[in-house]
Amino acid sequence: MKHLLSTQDLSKADAVRILDTAEEMAAVSDREVKKLPALRGRTVVNLFFEDSTRTRISFEAAAKRLSADVINFAAKGSSVSKGESLKDTAQTLEAMGADAVVIRHWASGAPVRLATSGWIDAAVVNAGDGTHEHPTQALLDAFTLRRTWARTNGTASAGTDLSGMKIAIVGDILHSRVARSDLWLLRTLGAEVTMVAPPTLLPVGIDGWPCTISYDLDEALAKRPDAVMMLRVQAERMNAAFFPSAREYSRLWGFDDRRLAALDDHGLSDTVILHPGPMNRGLEISSAAADSPRSMVLQQVRNGVSVRMAALYLLLSGESRSTARSQADTPDTVPAAAGTAPTEENAS
Amino acid sequence: MSTTGSYLIKGARVVGADAADLLVENGRITGVGSSLQASGATVLDADGLIALPGMVDLHTHLREPGREDAETVETGTRAAALGGFTAVHAMANSSPVADTAGVVEQVFALGQQAGWAEVRPVGAVTVGLAGERLAELGAMADSRARVRVFSDDGMCVSDPVLMRRALEYVKAFDGVIAQHAQEPRLTEGAQMNEGAVSAVLGMAGWPAVAEESIIARDVLLAQHVDSRLHVCHVSTAGSVEIIRWAKHRGIKVTAEVTPHHLWLTDELVRSYDPVFKVNPPLRTDEDVLALRAGLADGTIDVIGTDHAPHPSEAKECEWAQAAMGMTGLETALSVVQHTMIESGLIGWADFARITSAMPARIGRLAHQGQPLEAGSAANITLVDPAARWTVDPAAMATKGRNSPFAGRELPGRVVATFLNGHPTVLDGKLNTPFADGSAGQAAGQPQAQSREG
């Protein structure tokens, strides 16, 4: 794995490997000293063309727990109108020694462009591009769901997939990079996915996607999903006639108190609710739902750091492993095994 | 720098038929037959070559004035000559916009100075391409540039009343409105064809209906006011159907298709490489096949290259930031040969119709697009149909490096291009520009040459 650009081209073996590595990373995060020397001397650049404090600090925490040096670069707004191109920015950062570029961009495909244009050699991690993909969000969702599914089935999660799990993804599918990345990854891991949205917020061309489509959230809940993923809806969409009003959206596609109660009525005691954040409480999700024991929202945030540690670790210590090891083997480091692979720190 | 030479082209297959000799003297074809003799004429061995009437492009962006970093009339017409073209229509979206007699005369004069191809300026339909009020169409028609084709290309004349008035008004001087059919509200922020690929790539879609709804409206308007409508760069199967229907009803509509829409599809956008970003966007296989069929059966009348050179920085960026457009002059013949002739859909006589006779007729170019026979103006393209070459944008005459065909092997090579009896291209390389004998090389006195044809 040279880059992490999308979940569509992620094999099942790679996906499970990332999730299993993330489990090991999660164990590190539970320790008193939450740090591994694995990426010591490596530099990770967070290149953010779009504001996203949550994602940026998650990547920053992940890189720092692996002992990498972190450079944050916020290229706000339209970079071209301000002068410097993506190419120049990326080459500048690489010239300063970036080994990996974590890129968040408002334009779909910008990370692919960075990885395939030949402008730079660094590993590229897509931290969300336009309405295309957000692979690390999908991985943290899958990680969270896999733990839930393992608990439901009474097994350990390492090495498992999501076979048989039923997941509803609800909301603005059209503009959601999370929905796309989730769908490809959850399908790869064996889950069944239903997309629930008003017809205006489903893309033309969705018919070929490996999922069921529904316009009716109550009907989708009656089909007994094991997890419900609520997507953020931007109220501005209302002005572009995607739906008549925020209230109507909330009544028809919001996870409100009535639907929270419906899960109990259906006897779905294990069904969980996810949301990638930030939440619009009262629009796509009610406070009661967001704060209920079913809510996985904070677990998702916590798992995000583990999954991003795993991704950075696998990308940067993979083909350059010999470099990493020679650095880790210098006398005053922690034992080599802990420095190069966190296997022995495994939980359980 | 003799421009009055005579040439004897020996043994070319005339428009793909039997081999014959062509005698070119004083800018005209003076004889077609076997074993022609002419003392003093330069003899060209054209064995194995096909002689075609010089190609005429209805849709070229020469970028001058204003964006000389992207292309100039000089570089663009060099590319045209190398591509086998003897005339190009320079689109109006220059800076300043070609919406006055002054600008179209400037572009026209630059074309004459360059001498690589006849440059016919297209006049803007509306002032500044803003779609608000008519430009002085009559002044451009009466200018030395004698504009007959009017277009806001790049922008759609979306206001139905303005479109109606434009169609009506150009009847006064036998003009034609060439519409860029794109409903603006349906394509706000559009990046690529709306369909299965855009859904996965997460890009704002440019739906086929945005093109088709404007064409449907415009053919009905053209029928209502009995005027001439030309539809630029048709890109969808539905558009072909609407135009076919309109022609059956006798509506005076003509249509063009670009070489790239005859071959490439939106699958290429998966690379996010902006060299594939173009307007209208690359569509689907189904659309490509419908366009080919429409071109073969005459529903689509002409090839228009929509040659749109851009400086490299306009493409070395994120897809959403990149400029729309592809170069096309130097690949058009080969791409049409590949997609239409080698697929068995048309022959070389059809090729001459769609690349020369019809575009010249639509643009009202009297001495272009004539049959290769005695008495015709000597605008001739000699093609080696057996040649194969690999597209290398860096080797092209256009300033634009944005060819979507880069690296592909294509059939057919332009060996020579004759403009008014003068070889602008020989042995596949630029020769010398045409210079009118009465005016001398760049000597002014444009009135002496502007009234011919």
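Each reported figure results from applying straightforward, stated rules to the coordinates on display, with no laboratory input. Everything numeric here is computed off the predicted structure, so don't read it as measured data. With ideal geometry, Cβ positions are generated from the backbone for all residues, glycine too; neighbour counts draw on all protein chains shown.
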Q | Relative exposure of B:232, B:317, judged by other C-beta atoms within 10 Å (fewest first) | A | B:317, B:232
Q | Distance between segment B:323-378 and segment A:151-188 - C-alpha centres, whole angstrom | A | 54 Å
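According to the square roots a ≥ b ≥ c of the eigenvalues of the Cα gyration tensor, what is the shape class of segment B:134-182, taking rounded for a/c under 1.5, prolate for a/b larger than b/c otherwise, and oblate for the remainder?
Working: a/c = 2.25, a/b = 1.60, b/c = 1.41.
It comes out prolate by the Cα gyration axes.
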Q | residue B:131 long-range amide H proximity, modeled H, under 5 Å | A | B:126
Q) What FRET efficiency comes out for the pair residue A:216/residue B:185, r = Cβ-Cβ distance, R0 = 25 Å, nearest 0.05? A) 0.25
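Relative contact order for chain B: what percent, with Cα pairs under 8 Å and sequence separation of 6 or more? Please report the intermediate quantities before stating the final value.
Details: 1143 pairs, mean separation 87.6, N = 453.
Averaging sequence separation for qualifying contacts and normalising by length gives 19 percent for chain B.
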Q: Report the far tail of the P(r) of segment A:172-220, meaning the percent of Cα-Cα pairs longer than 14 Å.
A: 48 percent
Q) Taking the Cα centre of the protein assembly as shown as the origin and placing charges on Cβ (Lys, Arg +1; Asp, Glu -1), which of B:311, B:90, B:106 is farthest toward the positive end of the dipole? A) B:311
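Arrange the following residues from fewest to most other Cβ atoms within 10 Å of their Cβ: A:161, B:266.
On the way: A:161 19, B:266 24.
Ordered by Cβ neighbours within 10 Å, fewest first: A:161, B:266.
For the protein assembly as shown, with only Lys/Arg (+1) and Asp/Glu (-1) charged at the beta-carbon, what is the dipole magnitude about the Cα centre, in debye rounded to 20?
620 debye
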Q. Rg and Dmax of segment B:176-296, using alpha carbons, in Å: what are they?
A. 14.3, 45
Q | segment A:192-217-segment A:1-26 distance, computed between alpha-carbon centres (Å) | A | 26 Å
Q: Go ahead and estimate [θ] at 222 nm for the protein assembly as shown from helices alone: -39,500 (n - 2.57) per DSSP H run with n ≥ 4, summed, over the residue count, rounded to 500.
A: -9000 deg cm²/dmol
Q: Quantify how strongly other chains surround peptide B:112-125 by giving the mean number of their Cβ atoms within 10 Å of each of its Cβ atoms.
A: 0
Q. Counting Lys and Arg as +1 and Asp and Glu as -1, each charge on the Cβ, what is the dipole of segment A:135-299 about the Cα centre in debye, to the nearest 20?
A. 300 debye
Q. Hey, with R₀ at 56 Å, roughly what FRET efficiency would residue A:96 and residue B:374 work out to, going by the Cβ-Cβ distance, to 0.05?
A. 0.20
Q) Counting other C-beta atoms within 10 Å, which of A:32, B:409 has the fewest, and how do the rest follow? A) A:32, B:409
Q | Alpha-carbon centroid distance for the pair segment B:247-263 / segment B:92-161, whole angstrom | A | 22 Å
Q) How many nm separate the modelled label positions at residue A:84 and residue A:239, each set 7 Å beyond the Cα in the direction of the Cβ? A) 3.1 nm
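Which of the peptides B:75-81, B:336-342, A:141-147 is most tightly packed, and how do the rest follow, going by the mean number of other Cβ atoms within 10 Å of each residue?
Details: B:75-81: 30.0, B:336-342: 20.1, A:141-147: 25.4.
Ranking the peptides B:75-81, B:336-342, A:141-147 by packing returns B:75-81, A:141-147, B:336-342.
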Q. Just how many % of Cα pairs in chain B lie over 42 Å apart, if you round to the nearest whole percent?
A. 10 percent
Q: Assign one of three labels to segment A:37-141, namely rounded, prolate or oblate, based on the Cα gyration tensor with a ≥ b ≥ c the square roots of its eigenvalues; rounded applies when a/c is under 1.5, prolate when it is not and a/b is larger than b/c, and oblate otherwise.
A: oblate
Q: Would you mind listing how long segment A:135-299 runs along its three principal axes, going by Cα atoms, in whole Å with the largest first?
A: 47, 33, 26
Q: Assign unit charges at the C-beta atoms only (+1 for Lys and Arg, -1 for Asp and Glu), then state the dipole size of segment B:54-362 relative to its Cα centre in Debye, rounded to the nearest 20.
A: 880 debye
Q: Work out, step by step, the length gained on full extension between residue A:152 and residue A:299: first 0.36 nm times the residue separation, then minus their alpha carbon distance; give nm to one decimal.
A: 51.3 nm
Q) Any idea which of A:92, A:310, A:263 is furthest toward the positive side of the dipole for chain A, if Lys and Arg beta-carbons carry +1 and Asp and Glu beta-carbons -1? A) A:92
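Please give the average number of partner chain Cβ atoms lying within 10 Å of the Cβ of each residue in B:311-322, rounded to a whole number.
Numbers: counts 0, 0, 4, 1, 0, 7, 10, 18, 7, 9, 9, 3.
Taking the mean over all residues of the peptide, I get 6.
Rounded, prolate or oblate: which fits segment B:218-370 when a ≥ b ≥ c are the square roots of the eigenvalues of the alpha-carbon gyration tensor, with rounded for a/c under 1.5 and prolate only if a/b beats b/c?
On the way: a/c = 1.66, a/b = 1.51, b/c = 1.10.
Prolate, since a/c reaches 1.5 and a/b exceeds b/c.
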Q | Built amide H within the under 5 Å cut-off of residue B:181, gap 5+ | A | B:232
Q.
With a cap of 12 neighbouring Cβ atoms within 10 Å, and only residues DSSP puts in a loop, list the chymotrypsin sites (Phe, Trp or Tyr not before Pro) found in segment A:204-287.
A. none
Q) What is the log10 of I(q)/I(0) for chain A, computed with the Debye formula using one identical point scatterer on each Cα and no solvent, at q = 0.06, 0.10, 0.15 Å⁻¹? A) -0.22, -0.60, -1.27
Q: Please work out the FRET efficiency for the pair residue B:17 and residue B:171, using the Cβ-Cβ distance as r and a Förster radius of 35 Å; give the result to the nearest 0.05.
A: 0.40
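From the cross-link list A:12/A:64; A:35/B:315; A:12/A:35, which pairs have alpha carbons spaced over 32 Å apart? Provide the component values of the computation, followed by the final result.
Details: A:12/A:64 28 Å; A:35/B:315 42 Å; A:12/A:35 28 Å.
Violating the 32 Å limit, Cα to Cα: A:35/B:315.
Relative contact order of segment A:135-299: what whole-number percent is it, with Cα pairs under 8 angstrom and at least 6 residues apart?
Numbers: 277 pairs, mean separation 35.9, N = 165.
About 22 percent, as a whole number.
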Q | Other-chain or far-sequence residues with amide H under 5 Å of residue B:283's (modelled H) | A | B:266
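Starting from the Cα-Cα distance between residue B:38 and residue B:406, subtract it from 0.36 nm times their residue separation and give me the gain in nm to one decimal. Let's see the in-between values first.
On the way: separation 368, 0.36 × 368 = 132.48 nm, distance 4.24 nm.
So the extension gain works out to 128.2 nm.
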Q: Mind ranking B:86-99, B:205-218, B:26-39 by how tightly packed they are, going by the mean number of other C-beta atoms within 10 angstrom, highest first?
A: B:86-99, B:205-218, B:26-39
Q | Added length on full extension, which subtracts the Cα-Cα distance from 0.36 nm per residue, residue B:45 to residue B:68 | A | 4.5 nm
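Per residue Cα convex hull volume for the protein assembly as shown, in cubic angstrom?
Details: hull volume 137.2 nm³, N = 801.
Considering the Cα atoms of the protein assembly as shown, their hull volume per residue is 171 Å³.
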Q) Which of B:235, B:284, B:147 sits closest to the plus end of the dipole of segment B:54-362, meaning its Cα is farthest towards the positive end, when Lys and Arg get +1 and Asp and Glu get -1 on the C-beta? A) B:147
Q | Calculated on alpha-carbon atoms, Rg and Dmax of segment B:317-391 in Å | A | 15.9, 54
Q: Divide, for segment B:103-242, the radius of gyration over alpha carbons by 2.2 N^0.38 Å, where N is the residue count.
A: 1.16
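Over segment B:295-386, what relative contact order in percent results from Cα pairs under 8 Å that are six or more residues apart?
Details: 72 pairs, mean separation 22.0, N = 92.
So the answer I get is 24 percent.
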Q: Return the average number of partner chain Cβ atoms within 10 angstrom of each residue Cβ along peptide A:100-107.
A: 2
(Q) Testing the spin-label approximation: label points 7 Å from Cα along Cα→Cβ at residue B:245 and residue B:127. State their distance in nm. (A) 3.7 nm
Q. How far apart, in nm, are two points set 7 Å out from the Cα along the Cα-to-Cβ line at residue B:142 and at residue A:266?
A. 7.5 nm
